[in-house]
Amino acid sequence: MIPELNNMTTKLQGGSNLLRVPEPADENDVLREQLEYLIAHVSEQGVCGCPDCERYLRVRSVLLEIFSEPEPTRSLQFAAIPMAA
């Protein structure tokens, strides 16, 4: 057995070993970590056009969307539809 996995195994009543599955990471922590990574990437290297920069720009756009001016609502204009007699 791999020494790193010794702490992650559990013996069943039948005597076989199974790997324990760790608890899933908190989504908020994962999102925060990813956002911090993208901000650090852009602040260190500038926007270089790589996939991480593109992700940063998409995320930034979505997060700042709430601060943008709302688009004026368009009034719907219905074309005159001839009615059957």
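The values are calculated or read from the model by the stated rules, or taken from the named source; none is laboratory data. Predicted model, so just to flag it, every value in this text is computed and none were measured.
Numbers below:
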| item | result |
| --- | --- |
| Selection within the stretch 15-53 - part of a loop (DSSP other than H, G, I, E, B), within 21 Å of Leu63 (Cα to Cα) and not aliphatic (A, V, I, L, M) | Asp26, Gly46, Cys48, Gly49, Cys50 |
| Filter pass, Glu71 being modelled with pLDDT of 65 or more and assigned to a loop (DSSP other than H, G, I, E, B) | yes |
